[in-house]
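As structure tokens, the structure follows; a few thoughts come after it.
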């Protein structure tokens with residue numbers, strides 16, 4: 001598995017797309033810091049980028065890589081290597097190289113602008129951790145979608161649709177249900193609904209760490225109580241972790257049963 | 001002969017009446033109370049540097065009491081320290097500390113009762129319950145005092161400066177911190193509050209109740225539980241104050257409740273969760289204020305009619321305006337909104353399309369407060385945009401018809 005991981009990783013690190021991705025984050029980081037000099041403000045803007053763009057890129061890149069390396073995969077399948085190792089190796093190769101681009105791309109400009117002197121270092125670290133987790137989550141789901149669909153176009157379609165659902169449609173349904181059931185106490189429902197969407201969960205996690213959390217008022221206080229203490233944080237990271245494990249398990253099952 | 005004696009007597013009494021008494025450890029009068037007992041009307045008492053452990057000091061004559069190098073009057077937490085019941089008393093340069101805390105009596109470091117023409121200046125008050133308590137008094141001045149409490153909870157702490165049923169009192173250049181309310185006015189009219197700094201107080205920096213015709217200007221209210229609360233009052237002038245850093249789940253810079261016919265001009269509201277929270281206020285003019293980086297710049301909770309918002313700057317607030325009714329007869333005109341995305345083809349400095357300060361998300365969170373958890377999600381940006389393009393839910397006539405293209409520079 002590690003050999004395949006290494007191959008995939010080096011293959012990707014050498015590829016143009018990784019550099020484009022890295023360059024994009026570098027530019028974004030420098031531009032943001034150049035424009036407002038204030039690290040904590042930049043963290044807020046970055047949050048929007050991370051919760052929307054990172055999942056999108058993870059999804060697209062994952063599907064793309066899966067379909068592109070199909071021939072190589074088929075070649076590997078002919079060799080006496082466990083299927084689990086092949087797919088998980090490829091998956092980790094993609095996810096790690098994407099996360100690395102993210103961490104380096106954002107880390108370098110922030111280091112350059114004196115991150116260690118700033119007190120938003122914890123917020124920034126949280127941002128990078130959730131960003132990496134989102135990459136792992138959406139790449140895993142992309143792999144599953146790729147594995148389930150022989151048809152490239154269909155696969156891409158489903159992947160984009162999944163991203164759209166998590167990033168936009170889910171919040172729409174969430175909001176409508178809040179309005180429909182406004183007569184009832186909704187704090188626990190919204191807490192529950194947030195846990196079930198990794199994008200929302202990451203957004204809320206970061207939001208609560210920033211001073212903008214004061215805007216959340218009473219609902220925010222309920223959330224703060226949950227996420228603010230250690231067990232809440234454990235639960236939320238555990239949930240994010242589940243979002244990685246479950247798709248990976250599905251990938252493994254699918255891969256071992258599938259007739260190539 | 002008799003006449004001569006009378007004359008001498010007269011002169012001597014005059015000399016006595018203008019005499020001065022010194023209090024110090026080695027003087028004839030070793031504590032303040034003895035000196036007060038020996039004093040005559042219009043005397044001046046100098047208190048030399050030292051520590052005087054006294055409380056319940058009653059001043060019932062018109063006296064000038066001057067502390068040399070801030071002598072300490074230590075109440076030893078036993079009760080009230082100085083009580084003034086005469087007209088024309090001056091207190092200057094004392095360091096008063098350790099006021100007794102009580103749950104039945106409002107013990108104060110300095111209390112002025114039913115007196116006029118008092119002057120309290122250069123006092124330092126520390127470890128206090130109530131600081132300066134003025135009741136049923138008028139025409140006094142409270143200047144250059146420094147009040148620093150150690151309040152932790154609302155229920156067992158007192159106010160820095162409290163006015164009750166008083167008139168024409170000037171409160172200027174004081175610094176007040178860590179008490180319940182920095183300055184509290186109840187039934188106080190025609191007062192002027194100027195150049196004070198009120199910070200880190202548990203409840204409000206400045207608090208009005210049933211107090212009409214007052215003015216406060218050039219004050220700074222920094223990092224209080226809430227900046228200023230003006231309630232059930234009318235004709236208040238609020239000018240050139242700074243309301244900053246009142247940040248927390250239930251904080252605001254300025255709370256207006258049942259305020260009519262007032263004026264709010266050239267103030268700065270910066271980094272407050274809510275800049276101004278308005279409830280039931282009518283005919284108030286908001287002019288030339290700066291709202292910078294607040295959660296909500298203005299939150300209108302209803303029953304607000306004929307208010308005018310003119311020439312204000314709204315810069316980088318999460319929400320510019322929250323409004324909870326479909327009806328609007330408040331006027332918004334010539335303000336600068338940093339969120340404005342319109343254009344100015346005729347280059348006259350005002351945008352050609354109106355600005356709508358109420359976003360759809362603000363409307364939704366008013367209805368369903370829990371929805372605030374969707375703050376800064378992509379979906380919310382999308383619905384805000386569509387509402388901006390074609391308003392359906394937000395009040396149609398709530399708009400600034402002539403929004404400025406550039407920030408207004410107030411002097």
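The values are calculated or read from the model by the stated rules, or taken from the named source; none is laboratory data. Just so you know, these numbers come straight off a predicted model, no measurement behind them. Cβ atoms come from the backbone with ideal geometry, glycine included; neighbour counts cover every protein chain shown.
Per-structure values
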quantity	calculated
For residue A:190: the one exception among (1) out of contact with any helix residue (DSSP H, G or I) (no Cβ under 8 Å at 6 or more places or on another chain); (2) at the interface with another protein chain (Cβ under 10 Å from one of its Cβ atoms)	(1)
Failed item, numbered, when residue B:328 is tested on (1) at negative phi; (2) buried (at least 16 other Cβ atoms within 10 Å of the Cβ); (3) more than 14 Å from chain A (Cβ to nearest Cβ); (4) touching a strand residue (DSSP E or B) at 6+ places or on another chain (Cβ under 7 Å)	(4)
Options B:305, B:286, B:216: the member that is free of Cβ contacts under 8 Å to residues at least 60 places away in the same chain, away from every other protein chain (no Cβ under 13 Å) and within 21 Å of residue B:186 (Cα to Cα)	B:216
Selected residue [at pLDDT 90 or above and surrounded by fewer than 16 Cβ atoms within 10 Å (Cβ to Cβ)] from A:23, A:53, A:100, A:79	A:23
Unique residue being closer than 21 Å to residue A:51 by Cβ and assigned by TED's automatic domain parsing to the domain that holds residue B:293 when the list is B:386, B:318, B:377, B:322	B:318
In the range A:198-219, the residues that are without any contact (Cβ under 8 Å) to a residue 24 or more places away in the chain and more than 7 Å from chain B (Cβ to nearest Cβ)	A:208, A:213
The one condition in (1) in a helix (DSSP H, G or I); (2) more than 17 Å from the chain's Cα centre (by Cα); (3) more than 11 Å from every other protein chain (Cβ to nearest Cβ); (4) without any contact (Cβ under 8 Å) to a residue 40 or more places away in the chain that residue A:222 fails to fulfil	(3)
Among (1) within 14 Å of chain B (Cβ to nearest Cβ); (2) in contact (Cβ under 8 Å) with a residue 40 or more places away in the chain, the one test that residue A:142 misses	(1)
Test: residue in the range B:348-362 that is more than 14 Å from chain A (Cβ to nearest Cβ), closer than 26 Å to residue B:217 by Cα and crowded, with 22+ Cβ neighbours inside 10 Å	no
In the range B:264-283, residue farthest from residue B:367 (Cα to Cα) [restricted to those that are in a loop (DSSP other than H, G, I, E, B) and away from every other protein chain (no Cβ under 14 Å)]	B:266
Hey, residue A:195 within 14 Å of chain B (Cβ to nearest Cβ) and touching a residue at least 40 places away in the same chain (Cβ under 8 Å) or not	yes
Filter result for the condition that a residue is in a loop (DSSP other than H, G, I, E, B) and not assigned by TED's automatic domain parsing to the domain that holds residue B:171, over B:229, B:250	B:250
Listing of strands (runs of 3 or more DSSP E) fully contained in the range B:94-200 that carry 2 or more residues being within 22 Å of residue B:52 (Cα to Cα)	B:95-97, B:108-113, B:119-121, B:124-126, B:130-135, B:146-148
